[in-house]
Amino acid sequence: MDSDKQSSVYGLNPQGQSRDTAYYSLQYRDDPHDADFTDSPAGVNRGAMQSSPYLSEKRNAYAAPRARSRRRMWIIGAVVAAVVAIIVIVVAIYFAVIKPHQDNNDSVSGDASKGGSKGSQTSSSSAASPSSSSKPSQLVVTGGDGSKVTMDDGTTFTYSNSFGGYWYWDENDPFNNGARAQSWSPALNETFNYGVDKVRGVNLGGWLNTEPFIVPALYEKYINASIVAVDEWTLSQNMAADTANGGLNQLEEHYKTFITEQDFAQIAGAGLNWVRIPLPYWAIEVRDNEPFLAKTCWTYFLKAVQWARKYGIRINLDLHALPGSQNGWNHSGRLGTINLLNGPMGLANAQRSLDYIRVLAEFISQPEYKDVIAMFGVTNEPQAPIFGQENLARYYMQAYDIVRTASGVGAGNGPFISFHDGFKGLPAWAGFFPHSDRTSLDIHPYLCFSDQSSKGYDSFATTPCTAWGGVQNDSMSAYGFTTAGEFSNAINDCGLWVNGVNLGTRYEGNYPGGPWPVIGTCDQWTDYTQWSATMKSEIKQFALASMDALQNYFFWTWKIGNSSVTGKVESPAWSYQLGLQEGWMPTDPREALGTCGNSDPWVGSLESWQTGGSGAGQIPATFTSSYAWPPTLISNAGAATLLPSYTQTGPIPTLPAPTFTKTSGGAVDAGSGWLNTADNSGFAVPIPTCSYLDPWVGSADPPSPLCSGAARRDAIPEPVITPAH
């Protein structure tokens with residue numbers, strides 16, 4: 001039995017947390033506007049882990065012919081007994097695992113008519129086995145620790161996973177969900193029990209949605225340009241003008257190389273079972289003068305889905321950048337003003353963003369993808385302090401309806417829906433969205449963006465436990481499933497461009513909006529090659545405390561790229577991969593259990609409706625009417641009826657599916673890209689006779705008059721949620 005329930009964080013007493021709660025909820029990153037372990041007493045059964053039923057070839061050894069003897073008869077008897085035992089095991093596995101999985105798949109084929117193809121069925125079997133293809137491949141399709149993995153380009157590497165995990169990939173059966181990340185993590189064709197099974201994840205930040213401090217080499221190239229690259233908007237402008245070096249397509253080279261299949265293999269081998277993947281809206285489309293490389297990153301997200309499936313890793317898809325910007329930060333696409341739910345284009349940008357949520361939801365809810373993309377963060381870090389929690393709740397309520405219209409209601413139908421706390425703190429959301437179907441809260445706790453300290457990691461060893469753990473416990477009870485979508489090892493804001501390009505640091509006293517007292521030089525915090533064994537041990541202890549306090553988490557981030565100037569990582573506290581290589585991250589994340597102490601364990605459980613069971617989706621009408629869409633007022637703009645808005649008459653940009661070809665030459669049905677064919681209202685587009693402002697306009701008066709002639713704006717249609725099936 002997994003002893004995660006004995007994690008110390010369950011026992012943290014939330015009383016007297018008023019200061020910690022504020023500390024927890026308000027300290028966030030990169031704000032340019034700021035002034036060998038076992039998990040049970042008996043240990044891990046390595047034999048059981050190694051006996052996972054891979055579909056590998058049998059290897060039989062035969063002795064050379066010898067004269068008849070009593071010894072030979074004993075050998076023959078032993079061989080016969082072994083063969084009988086093998087037959088018994090194979091038959092047992094077939095009837096206990098493979099046959100039920102095939103039967104379940106057969107039953108799913110009728111249920112998948114909405115998506116137009118047959119997908120894998122989630123089961124609650126305690127032992128997972130990759131299901132067989134109708135036409136077995138002659139290639140090796142699965143393996144565990146020490147096995148050879150062949151990638152798409154034909155190159156190979158040796159899989160390293162000491163935790164009983166195994167990969168599975170068969171080009172004739174590309175939607176097989178038989179892989180398992182670790183022995184303690186459910187395989188993709190098994191049920192992930194939220195609130196029981198732990199989300200131990202890492203972000204793939206800076207890959208499909210670039211950030212200067214994560215991929216500094218991309219931005220350093222244009223540091224002396226007439227328009228300095230400070231976000232993906234200005235990076236794209238510089239690249240587009242740099243035709244001699246490939247123009248805007250330079251970004252695709254970054255997509256190809258920054259994260260590869262081997263990263264997913266390493267993540268599973270590190271004991272992690274989830275990845276959170278930031279994706280920008282331009283994976284779907286761009287409009288007007290938006291300079292981003294459109295649609296290309298979607299191709300690489302599909303590769304991520306394939307690789308995650310291969311190694312048994314679940315994905316939290318996070319919509320990280322939205323039209324107009326939801327927070328004004330560089331990772332929202334454009335540094336500057338907030339134009340989602342704020343300002344004269346706040347409503348129109350929200351309409352457009354909700355449509356992108358719809359397009360993604362229809363794709364990821366298809367049976368081919370739903371068991372891999374198991375969570376959907378609909379909007380990253382929206383600035384509710386600017387546009388208000390009420391309007392954010394209205395936006396979330398509409399997003400929820402949109403996702404469930406696509407997926408249907410109930411466990412197994414589409415993803416968990418993740419709502420960021422909007423910088424209001426977890427307690428502010430207690431009781432929201434009652435009886436909603438599989439929604440979760442997300443918070444991003446950081447220590448490094450407030451007042452700076454010269455103290456070392458030993459002084460912060462228990463801070464995550466006291467500042468975060470109790471609040472997480474409260475939220476699991478008061479709201480439901482709660483995750484930390486981001487956190488890091490940073491205890492100060494040192495690191496190249498952690499705050500933004502050329503924005504300095506609070507630690508060195510040269511960050512805008514001061515005065516900030518000079519604490520010292522950042523060199524000791526950024527030059528990890530000089531870190532002592534003691535310092536690495538203290539960082540590891542801080543990481544373990546963070547993991548134990550947060551319980552279900554995604555470290556930010558897996559990888560920090562090298563600076564092209566120094567040739568090394570300049571923000572080491574933010575790189576999980578580097579921490580593994582250099583010894584300050586745990587090689588087994590279960591080591592975190594108990595770090596915070598265990599005086600009074602939290603023994604609660606999630607309600608049935610919170611995990612898609614009985615009562616799921618039955619939100620009271622009193623709540624839905626209180627948070628109806630659209631808002632009546634938009635912050636810094638006024639009445640919504642006087643602001644530009646779109647009409648739902650445009651063509652829907654359905655996302656393309658990957659292409660797979662069987663060894664026989666036949667094509668594989670990868671889905672249509674749109675699950676619910678009844679969800680057929682048009683896309684939000686401008687009304688030809690109405691006037692609009694730039695989506696990133698910031699403060700401005702709305703057009704007057706809004707529309708000419710007899711033009712009128714249609715009412716925004718309400719989504720119709722698909723019943724449970």
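Which whole-number percent gives the relative contact order of the stretch 198-621, counting Cα pairs below 8 Å spaced six or more residues apart?
18 percent
Using the number of other C-beta atoms within 10 angstrom as an exposure proxy, rank F213, F660 with the fewest first.
Starting with the residue having the fewest Cβ neighbours, the order is F660, F213.
I'd like to compare 147-160, 604-617: which one has the highest average count of other Cβ atoms within 10 Å, and what's the full order after that?
By packing density, highest mean first, the sequence is 604-617, 147-160.
Could you please state, rounded to a whole Å, how far the C-alpha centre of the stretch 300-333 is from the C-alpha centre of the stretch 192-226?
A separation of 9 Å, based on Cα centres.
Report, largest value first, the span of the C-alpha coordinates of the stretch 198-621 along each principal axis, in whole Å.
58, 56, 45
Going through the stretch 515-604, which GluC sites (Glu not before Pro) have at most 11 other Cβ atoms within 10 Å and a DSSP loop state?
Filter output for the stretch 515-604: empty list.
Just want the ordering: C297, C690, C494, from fewest to most Cβ atoms lying within 10 Å of their own Cβ.
Ordered by Cβ neighbours within 10 Å, fewest first: C690, C297, C494.
Once you charge only the Cβ atoms, +1 for Lys and Arg and -1 for Asp and Glu, what is the size of the charge dipole of the stretch 198-621 about its Cα centre, to the nearest 20 debye?
600 debye
Distance between Cα centroids, the stretch 380-429 to the stretch 510-584: provide it in whole Å.
What the calculation gives is 31 Å, centre to centre.
Of the listed peptides 226-235, 171-180, what is their order by residue-averaged count of other C-beta atoms within 10 Å, with the highest listed first?
In descending order of packing, they fall as 171-180, 226-235.
Which three semi-axes in whole Å describe the equivalent ellipsoid of the stretch 557-700, each the square root of 5 times a Cα gyration tensor eigenvalue, listed largest first?
Square roots of five times the eigenvalues give 41, 29, 28 Å.
By how many nm would the segment from E171 to E582 grow when fully extended, if each residue of separation counts as 0.36 nm and the alpha-carbon distance is taken off?
Stretched out fully, the E171 to E582 stretch lengthens by 144.3 nm.
Can you list the residues, at least 5 places off or on another chain, whose amide H is less than 5 Å from the amide H of V697, using H built in the peptide plane?
none
Quick check: net charge around A179, other residues with Cβ under 14 Å of its Cβ, Lys/Arg +1 and Asp/Glu -1? Intermediate values should be presented prior to the final figure.
Values: positive: R180, R309, K310, R314; negative: D145, D170, D173, E190, E261, D371.
Cβ neighbours under 14 Å give a net charge of -2.
Which trypsin sites (Lys or Arg not before Pro) from the stretch 404-462 combine a DSSP loop assignment with at most 15 other Cβ atoms within 10 Å?
Those satisfying the criteria are K455.
Could you derive backbone 3J(HN,Hα) for the stretch 364-375 from the dihedral phi with the Karplus parameters 6.51, -1.76 and 1.60 (θ = phi - 60°), listing whole Hz in sequence and x where the residue is Gly or Pro?
So the J values, rounded to whole Hz, are 6, 7, 4, x, 5, 10, 5, 7, 9, 8, 8, 8.
Can you find, among S236, G247, I267, the residue farthest towards the positive end of the dipole of the stretch 228-291? Put +1 on the C-beta of Lys and Arg, -1 on that of Asp and Glu.
Result: I267.
Coordinate-derived values only; no laboratory data. Everything quoted here is computed from the prediction, not taken from an experiment. Cβ: placed from backbone, ideal geometry, glycine included. Neighbour counts: every protein chain shown.
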